[in-house]
There are 2 protein chains.
Amino acid sequence: MEKPENGKSKTGQPGIGQPGIGPRMRAIPDGDNRARLVCPDCGFIKYDNPLVVVGAVAAWEDRILLCRRAIAPRRGYWTLPAGYLELHETAADGARRETREEAGAEIEIDALLAVYNIPRISQIQLIYRARLRSPDIAPGEESEAVALYDWASIPWADIAFPSVHWALKDFQAVRGQRIFATRGNPPDAQALDSQTPDTHTDGL
Amino acid sequence: MEKPENGKSKTGQPGIGQPGIGPRMRAIPDGDNRARLVCPDCGFIKYDNPLVVVGAVAAWEDRILLCRRAIAPRRGYWTLPAGYLELHETAADGARRETREEAGAEIEIDALLAVYNIPRISQIQLIYRARLRSPDIAPGEESEAVALYDWASIPWADIAFPSVHWALKDFQAVRGQRIFATRGNPPDAQALDSQTPDTHTDGL
């Protein structure tokens, strides 16, 4: 689910989500040691924290589920089912929910494939290895299309984000391994990341 | 670092951190599908998200570093060096920072030991396995004491949180294993968690 942003969404409820509102002034609250965003109108302190993205590399037999994005950023490019973890949700439940929402598919999670750090945008990604319970898939609201790709057919040139590349390659690297060390950013992650500075700004 | 809470901290800056301010009304913003907290004064939408806790089971030879909490909750009980991941920080950097802040110690991270889910309080914990670079440790502001415990001496009755139990046991379970599957909540996690309903409310 994409979330409307403060100051960007249009709303019927006056005052909600309008520009120039809410925490927008930097100050160090008493007892803290870092500047935080505070609202000069009401005094609310906003603690910005890293966000958790959860997702899955889900396969039916040898083919991997990909979703073509119907939304910005990287509309029209292929990604894994993934999105922001919600409150009171486990990471595995979140990965299952995102796969259901974006690809109409049910998965069985097998292992934690990878934990990726994208500190530039304060994101931690938890990506699971999973099996599709059936080959029945259907695009959800945020997908233009969904498809099962075998390894040789993956549309590498049209992959939405560097971390989708990483997850696909990590999935392949541990294919057939029942026990493996959860993967992390590849050694060249910084290079990859800096080549595509704006692709991660809105999550997967 | 403990963060002052809105409505709980005393501050010299008028209006900042006072009770009854900021997002406190539930409404579903346009384009969203969940109720979010909004501020009836200024209209700001607050997206509450799960928080990431990072920490380490760090050993010097066979002994494990523990910290006795100088702060609520569970003051006087033993915990691992751990705390909230900050913006623009990798999880490993966060674990190293917390160990430095709480135990005055430098660590070398070896592997991602465990990922724990505590959905009741919307927390994801990333706990690393690490080696201390030296046995020189010293309590930071949030610790009353720090100590190195061998396995037989761990003060099980005085451990602060269930997830500290889990991490210590997971550390022991994979001791000597170079490659292992990152651990998760134990099967009896729910039972443990419900026995101690309030211990996790403020993080590790």
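Test each condition in (1) of a type outside the set (A, V, I, L, M, F, W, C); (2) touching a helix residue (DSSP H, G or I) at 6+ places or on another chain (Cβ under 9 Å); (3) assigned to a strand (DSSP E or B); (4) more than 10 Å from chain B (Cβ to nearest Cβ) for residue A:172 and report the one that comes out false.
(3)
Which ones in segment B:136-164 are among the acidic types (Asp, Glu) and free of Cβ contacts under 8 Å to residues at least 60 places away in the same chain?
Residue satisfying the conditions is B:136 alone.
With the requirement that a residue be over 12 Å from residue B:55 (Cβ atoms) and touching a Pro at 6+ places or on another chain (Cβ under 8 Å), what does segment B:158-176 give you?
Listed by number, the list holds a single entry, B:169.
Just so you know, all these numbers are worked out from the coordinates, no wet-lab data involved. From a predicted model like this one, the values you see are computed outputs, not experimental measurements. Ideal geometry is used to build each Cβ from the backbone, glycine not excepted, and the neighbour counts take in all protein chains shown.
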